[in-house]
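For reference, the structure is listed below as structure tokens.
FYI, it's all coordinate maths here, none of it is from the lab. Source: prediction; values computed, not measured. Heads up, the Cβs are rebuilt from the backbone with ideal geometry, glycines too, and the neighbour counts pull from every protein chain shown.
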Amino acid sequence: MTKRNWKGTTTTVVAILMGTSLLMNGQAYAASETSLTSTTTQNLDQQSVDDQNNQQAENEQLDQMVQDGTNIDLTANEESTTVSNQNKQSDSNTAPSSDIADQVISEGLKYKGVPYKFGSSKKTTRTFDCSSFTQRVFKEVGVSLPRDSRQQSKVGQKVSKNQLQKGDLVFFRSYGSSSSRITHVAIYAGDNKLLHTYGKPGVTTTKFKGTSWEKRFELGRRVI
């Protein structure tokens with residue numbers, strides 16, 4: 001009777017089975033990797049197509065904007081707008097608004113003949129002194145001024161006698177005084193006229209150049 005050695009045979013069979021399993025797993029992994037690579041490639045290809053389509057659509061949109069005459073240089077447009085705004089701001093700082101200046105003169109003339117009273121309350125329009133008058137008139141057009149003439153002479157932009165424009169504040173020293181101390185304020189009404197209040201006439205208009213007022217001139221201020 002012959003004895004069979006199954007031990008060696010069993011070991012051999014196990015080894016064969018393990019090798020087969022590893023081979024199959026390797027093939028499955030390779031297949032999976034190939035599928036993943038294919039999917040990734042497809043996604044990249046699709047993304048490239050989408051990017052090309054988006055770029056084409058953008059180019060077509062830009063071409064249409066050019067045909068329509070639309071400004072597509074946004075940076076240049078923003079810079080142009082900024083410069084334009086700066087120029088407008090510069091203009092507003094160097095010259096008063098003619099509309100507001102006309103309103104100032106119109107409002108001031110409504111009080112023509114109202115009596116002068118030194119130290120008048122800013123709450124009343126029955127009497128004015130020089131600075132309460134200018135404060136009231138400018139307030140009615142939306143411009144806030146301090147109460148007395150010396151404080152008012154420190155606001156706005158300083159202008160010389162030859163630069164005076166309608167709506168500017170004009171400040172004076174006392175008659176015959178060499179001191180630069182401000183004692184009176186008026187509004188330049190254009191055409192060589194001052195709109196202000198003093199003494200017996202109260203609110204009135206007077207000539208400026210060639211008069212004692214010109215000799216007393218200290219400075220002008222532009223607040224609109």
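If you go through the stretch 180-224 one residue at a time, how many are among the charged types (D, E, K, R) and more than 19 Å from I100 (Cα to Cα)? Please lay out each step first, then the result.
Start the filter on the stretch 180-224 by keeping residues that are among the charged types (D, E, K, R), which leaves 181, 191, 193, 200, 207, 209, 214-216, 218, 221-222.
Still in the running and more than 19 Å from I100 (Cα to Cα): 181, 200, 207, 209, 214-216, 218.
Qualifying residue count for the region: 8.
Whenever a residue of the stretch 135-156 is closer than 28 Å to S179 by Cα, its partners that are basic (K, R) and crowded, with 18+ Cβ neighbours inside 10 Å, lying with C-beta atoms within less than 6 angstrom and at least six residues away or across chains, give the pairs G156/R221; G156/R222.
Of the residues making up the stretch 123-157, those that are over 14 Å from V185 (Cβ atoms) and not aliphatic (A, V, I, L, M) number 10.
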